[in-house]
Amino acid sequence: MANPSPGYSIQLRVEAPAGVTATSELVVAAADAGAVITAVDVSESSTDRVLVDLTCYAGSAEHAAQVAAALAAREGVVVHEVADRTFRLHQGGKLEIVPKTPLRNRDDLSRAYTPGVARVCLAIADRPADARRLTVKGNTIAVVTDGSAVLGLGNIGATASIPVMEGKAALFKQFADIDAWPVALDTQDTEEIIGIVKALAPVYGGINLEDIAAPRCFEIERRLREELDIPVFHDDQHGTAIVTLAALMNALRVVGKRLDTVRIVVSGVGAAGNAIIQLLKAEGAVNIVACGRNGAIHRGERYADEHRTRLASNTNAEGLTGSLAEVLAGADVFIGVSAPNLLGEAEIESMADDAIVFAMANPDPEVDPVVAARHAAVVATGRSDFPNQINNVLAFPGFFRGLLDSGAVDITPEMLVAASEAIASCVRDDELNASYIIPSVFDPDVARAVAEAVAGAAHREDARQESAPAADTEPTAETQEAAA
């Protein structure tokens, strides 16, 4: 049974015989069934009966039903209702639009809407860049998906993806005060997605691509970056890569190893795996072996898609072949963004001394973290119920805050590395240990640090471009010397 968690929080309305031990007996019964009790409230009482609201965590929907059955089996107890608190939270959606300016009278209406608004429209028509200042564009992100790769659920479609996109928008607001809106597209055609996003782009200051399956996501991101004048960021790729690099920076400090000397095995060559490998290489990693379903990606094999072909050409310099388990032997670092339960204790034991294991498949990781910790020095997952949660929330709100504040259009490797370094630096030297390599998502300093780092990188890039000689200008002696 999965560990009880807030994701399966339930509230049971239970009627029981009145008595001094009435509530405690219900708590014991629920606990014996494996629930974690978080609240007990007596909502009604009479001389012979009490109505108790019992709130607890379960491990699954089936486990919740078992808890209810255990209570109902007690003599004199009636379970009137079992409410799933997660579904209750989503009732009516998680977002709303609230005007920033009150409309109290005709004067307000005349300035916010007609006739006054026409003057603002004409000003923007004359100078389109003013839309960032005079409309929501300057602080609004579109969270765009086609529903083809939602969490670990697969291709569940646009409509079913909306709760995730709403959640993403809520996180933007909570952690970076950015207004974001779900844009779930009922098409999985690459050209249609590109065309739709380009058509709706004028109202947004940036595009966050979300849960779009590989390899389609690569082409969509590339084209939109080329054809739009606002930043386009695929969080499944770059958000995951940023937080992974940040965690690895600190994990390597814990074990006293260097990025340019360790051997890293990455399981999963989809969107996240590709981006992680690119960012690790940008930061100086040399020895990386990428593994797909059929084992190590290597130069001796021909691949049908360009992304695996590129990986084969740019990783695995030693030419290792074989299964994930085989190439993991002797590795210093395992990074998993693939599938659950791929590895056991023997495979982790085969790794180098002071190994680092990031098993990030969600909700079930590539290896049981408890088992991995028997042999690895540092273990991290994507889950909130184990130490060292590698969570994209640490990256994307602050990253977009920095993009919007700086007015950046292009996203550069320098920005991604700067964001990673900012996240890593939020764990102080006196806090760093094997169980704390990455800050909490609720650390108020993280989003601000990431935003400042990204904006700083954007400004440095602008300064470089301004100082670069024009393409049709003969190089001076000074610029030739600098280039050399």
Can you find, within segment 239-262, the residue that is most open to solvent (accessible area, probe 1.4 Å) among those that are in a helix (DSSP H, G or I) and out of contact with any helix residue (DSSP H, G or I) (no Cβ under 8 Å at 6 or more places or on another chain)? Arg253
Looking only at segment 99-120, count every residue that is under 40 Å from the mean Cα position of the chain (by Cα), more than 28 Å from Asp229 (Cβ to Cβ) and open to solvent by less than 90 Å² (accessible area, probe 1.4 Å) and tell me the total. 1
From (1) of a type in the set (A, V, I, L, M); (2) part of a helix (DSSP H, G or I); (3) within 23 Å of Thr159 (Cβ to Cβ); (4) open to solvent by 10 Å² or more (accessible area, probe 1.4 Å), pick out the condition that doesn't hold for Ala213. (2)
Between residues in segment 350-367 that are closer than 17 Å to Ile438 by Cβ and of a type in the set (S, T, N, Q) and residues that are open to solvent by 50 Å² or more (accessible area, probe 1.4 Å) and at pLDDT below 95, which pairs lie under 6 Å by C-beta distance while being six or more apart or on different chains? Asn362/Gly152
Return the residues of segment 241-271 that are modelled with pLDDT under 95 and either under 16 Å from Thr381 (Cα atoms) or polar (S, T, N, Q) (or both); say none if nothing qualifies. Gly268
Which pairs turn up if I take residues in segment 21-49 that are at positive phi and look for partners that are part of a loop (DSSP other than H, G, I, E, B) with beta carbon separation below 8 Å, at least 6 apart in sequence or on another chain? Gly34/Met1; Gly34/Pro4; Gly34/Gly59
I'd like the full set of residues that are assigned to a helix (DSSP H, G or I) and among the hydrophobic types (A, V, I, L, M, F, W, C), limited to segment 96-120. Leu109, Ala112, Val117, Ala118, Val120
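Take Leu95 and decide whether it is within 29 Å of Gln11 (Cβ to Cβ) and either surrounded by 10 or more Cβ atoms within 10 Å (Cβ to Cβ) or under 31 Å from the mean Cα position of the chain (by Cα) (or both). Please lay out each step first, then the result.
Values: within 29 Å of Gln11 (Cβ to Cβ): yes; either surrounded by 10 or more Cβ atoms within 10 Å (Cβ to Cβ) or under 31 Å from the mean Cα position of the chain (by Cα) (or both): yes.
Taking the combined requirement at face value, the residue satisfies it.
Any chance segment 373-385 includes a residue that's in contact (Cβ under 8 Å) with a residue 60 or more places away in the chain, open to solvent by less than 10 Å² (accessible area, probe 1.4 Å), in a loop (DSSP other than H, G, I, E, B) and touching a helix residue (DSSP H, G or I) at 6+ places or on another chain (Cβ under 7 Å)?
From segment 373-385, those in contact (Cβ under 8 Å) with a residue 60 or more places away in the chain are 377-378, 380, 384-385; that's our starting set.
The next check asks that each one be open to solvent by less than 10 Å² (accessible area, probe 1.4 Å); those that pass are 378, 380.
Next, from what is left, pick out any that are in a loop (DSSP other than H, G, I, E, B): none.
Looking through segment 373-385, none of the residues is in contact (Cβ under 8 Å) with a residue 60 or more places away in the chain, open to solvent by less than 10 Å² (accessible area, probe 1.4 Å), in a loop (DSSP other than H, G, I, E, B) and touching a helix residue (DSSP H, G or I) at 6+ places or on another chain (Cβ under 7 Å).
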Counting only residues that are in a helix (DSSP H, G or I) and of a type in the set (Asp, Glu), which one in segment 121-168 is surrounded by the fewest Cβ atoms within 10 Å (Cβ to Cβ)? Asp126
Of the numbered conditions (1) within 21 Å of Asn3 (Cα to Cα); (2) open to solvent by 50 Å² or more (accessible area, probe 1.4 Å); (3) among the hydrophobic types (A, V, I, L, M, F, W, C), Leu71 satisfies every one except a single condition; which is it? (2)
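Is there a residue in segment 429-442 that is touching a Ser or Thr at 6+ places or on another chain (Cβ under 7 Å), open to solvent by 70 Å² or more (accessible area, probe 1.4 Å), modelled with pLDDT under 95 and not aliphatic (A, V, I, L, M)?
From segment 429-442, those touching a Ser or Thr at 6+ places or on another chain (Cβ under 7 Å) are none; that's our starting set.
No, every residue in segment 429-442 fails to be touching a Ser or Thr at 6+ places or on another chain (Cβ under 7 Å), open to solvent by 70 Å² or more (accessible area, probe 1.4 Å), modelled with pLDDT under 95 and not aliphatic (A, V, I, L, M).
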Any chance segment 277-292 includes a residue that's farther than 25 Å from Arg222 by Cα, open to solvent by 20 Å² or more (accessible area, probe 1.4 Å) and out of contact with any helix residue (DSSP H, G or I) (no Cβ under 7 Å at 6 or more places or on another chain)? yes
So is Gly76 more than 25 Å from Gly195 (Cβ to Cβ), assigned to a loop (DSSP other than H, G, I, E, B), open to solvent by less than 90 Å² (accessible area, probe 1.4 Å) and touching a strand residue (DSSP E or B) at 6+ places or on another chain (Cβ under 9 Å) or not? yes
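The values are calculated or read from the model by the stated rules, or taken from the named source; none is laboratory data. Remember, it's a predicted structure, so these values are computed and weren't measured experimentally. Positions of Cβ are generated from backbone atoms using ideal geometry, with glycine treated the same way; all protein chains shown enter the neighbour counts. For accessibility, only protein heavy atoms count, side chains too; no ligands or nucleic acids. Shrake-Rupley method; radii C 1.70, N 1.55, O 1.52, S 1.80 Å.
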